[in-house]
Amino acid sequence: MEAVFMRVEELQLGKVIAEDVFANTQYPIIHKDTKIKPEHLRVFELFNLKMILVYKGESIEELSENCLENQVTSVSIPKYIAFETYYNDAVNQLKKEFSNWGAGGKIDITKVRGMIIPLIEKVLEDRSYIFDLNAYSNPKDYLYHHCIATGVIASVMAKKLGFERGITIQMAIAGMLADSGMARISNRIREKKVQLTKEEFEEVKNHPYYSFMLVKNLPALKEVMKEAIYQHHERLDGSGYPKGDRIGSISNFAQIIAVADVFHAMTSERLYRTKQSPFKVMEMIKEEEFGKFDIKVVQALVDIVVDLPIGTKIELSNLELGEVMYINKYAPTRPLVKLIRTGEIIDLSLNRGLYISRVITKNI
């Protein structure tokens, strides 16, 4: 059956795709023999696809029954390919891009968008994916996982803070590229398995500048986002870097990336540091890091993490499984939970020796 490449903007509804469609993904985002519907056009747009191979002059009714057996009837991004598949594809692609940036190459914003936008589409619809991010990460490839996760978390925070969709996408890209400058840091330092020396950390502190230099000429990224990338390690009390800016000089967008960055770093296993519970990390950010971050930005992440529906399955620090019974607004990281094994009800705000170690997002 004859096929022809057509520009996406010229595609007609009802045309039939003549080959599996990939977009920097391990698996097809749309399968061969799929009849084009409005939702497919949105997928093409999200992945910035320009040309699609379609059957020439054929309608879906004229295809053989063998072709119809493989037709995909639902391809909307939130339901089609698993979040973890998109995530792993993005991490693998980012590793390749880091090598290019380290060798002096420029950032290809089209590739960056192709990596992060499918993840945003899913996580903005279902924020529970955030609870799986630290499980995906591993110490060896931590940097690449961290970039992707920071972008994802930053986008959800931007939405929670009331920013419109365009800004949430920009925040995701900025969060993902905030540590792009680490590509210009020596592998010896990046892959060191013990804590860095003072001199090595001073070199790492240059990465916001390197990141800014990589993004400064990207027309698709807003200037405020480039500034946020440069400032994402600044702190309101002046304790940050690279300039030691203080409150009043640090943008809210930089604060969003900063909180997302710290949250993922502290909840992930690294070469010289074990991961911690998201709930413990939120307590630490609110208490031990008080004065370094904007309260509204921190509260946005607290609300995202702790606003668990009644019945949510959790694991406690003593490995007991339970479910959330009630959220205490005065101690939101320490809800009332019911143990699955015994039926005992525990108020975590009173039992400070226990805390939620993880939210269980899959059936048990």
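The values are calculated or read from the model by the stated rules, or taken from the named source; none is laboratory data. Computed from a predicted structure; not experimentally measured. Ligands, DNA and RNA are stripped out before the accessible areas are found, and what is left, the full protein with its side chains, is counted by its heavy atoms. Shrake-Rupley method; radii C 1.70, N 1.55, O 1.52, S 1.80 Å.
Couplings 3J(HN,Hα) of region 101-108, computed from phi: 5, x, 8, x, x, 8, 6, 9 Hz, in residue order, whole Hz [Karplus 6.51 cos²θ - 1.76 cosθ + 1.60, θ = phi - 60°; x for Gly and Pro].
Name the shape class, rounded, prolate or oblate, that the alpha-carbon gyration tensor gives for the chain, where a ≥ b ≥ c are the square roots of its eigenvalues, rounded holds for a/c under 1.5, and otherwise prolate holds if a/b is larger than b/c and oblate otherwise. Because a/c hits 1.5 or more and a/b fails to exceed b/c, the chain counts as oblate. The long axis of helix 252-267 is offset from the longest Cα principal axis of the chain by roughly 80 degrees.
The phi torsions of region 89-97, fed into the Karplus equation with coefficients 6.51, -1.76 and 1.60 and a -60° offset, translate into couplings of 4, 5, 4, 5, 5, 5, 4, 5, 5 Hz, rounded to whole numbers, with Gly and Pro shown as x. Considering only C-alpha atoms, what is the centroid distance from region 230-272 to region 139-154, in Å? Between the Cα centres of region 230-272 and region 139-154 lies a distance of 15 Å. Computed from Cα atoms, the angle from the helix 142-160 axis to the main principal axis of the chain rounds to 90 degrees. Think of a 1.4 Å ball rolled over the protein heavy atoms: the chain then has 48 Å² of accessible area per residue. Ile169 exposes around 40 Å² of accessible area when a 1.4 Å probe is run over every protein chain in place.
Pick from Val204, Val281, Val156: which is most flexible by mean-square fluctuation in a GNM of the chain where alpha carbon atoms under 10 Å apart are linked? Highest fluctuation among the options: Val204.
Exceedance of the 22 Å cut-off in Cα-Cα distance is limited, within the set Lys96/Lys192; Lys32/Lys56; Lys106/Lys226; Lys96/Lys160, to Lys96/Lys160.
Straight-line cross-link reach from Lys313 at under 18 Å between alpha-carbon atoms covers these lysines, not counting any fewer than eight positions away in the same chain: Lys280, Lys338, Lys362.
I need the shape label for region 81-159. Rule: rounded when a/c is under 1.5, else prolate if a/b > b/c, else oblate, with a, b, c from the alpha carbon gyration tensor. Judged from the Cα gyration tensor, region 81-159 comes out prolate (a/c at least 1.5, a/b above b/c). At full extension, Lys95 and Asn138 could sit 14.1 nm farther apart than now, given 0.36 nm per residue minus the alpha carbon distance. With a 1.4 Å probe rolled over the protein heavy atoms of all chains, the accessible area of Glu97, Glu19 falls in the order Glu19, Glu97, largest first. For the set Met171, Met182, the ranking by accessible area, highest first and with no ligand, DNA or RNA atoms included, is Met182, Met171 under a 1.4 Å probe. Taking the accessible area of region 141-299, probe 1.4 Å, and keeping the other protein chains in place, the carbon and sulfur fraction comes to 50%.
Cross-link partners for Lys205 among the aspartates and glutamates, with Cα-Cα distance under 15 Å and sequence neighbours closer than 8 places in the same chain left out: Asp179, Glu234, Asp245, Asp261.
Residues considered: Thr267, Thr197, Thr312. Largest GNM mean-square fluctuation over the chain, using C-alpha springs under 10 Å, is found at Thr197. Overall shape: prolate for region 286-358, with the ratio a/c of the largest to smallest alpha carbon gyration tensor axis at 1.5 or above and a/b above b/c. Here the Karplus curve 6.51 cos²θ - 1.76 cosθ + 1.60, taken at θ = phi - 60°, turns the phi angles of region 288-304 into couplings of 6, 9, 4, x, 8, 10, 5, 4, 5, 5, 4, 5, 4, 5, 4, 4, 5 Hz, with x standing for Gly and Pro.
Among Gly102, Gly311, Gly248, which one moves the most in a GNM of the chain with springs linking Cα atoms closer than 10 Å? Looking only at Gly102, Gly311, Gly248, the biggest GNM fluctuation is shown by Gly248.
If you sort Asp126, Asp245 by accessible surface, 1.4 Å probe, largest first, the order is Asp126, Asp245. Rounded to the nearest 500, the helix-only mean residue ellipticity at 222 nm of the chain stands at -12500 deg cm²/dmol, with each DSSP H run of n ≥ 4 adding -39,500 (n - 2.57).
Accessible area of Tyr355 (1.4 Å probe, protein heavy atoms only, ligands and nucleic acids ignored): about 70 Å².
Under 5 Å from the amide H of Arg270 lie the amide H atoms of Lys275, each residue being 5 or more positions distant or on a separate chain, with H modelled from the backbone and absent for Pro and chain starts.
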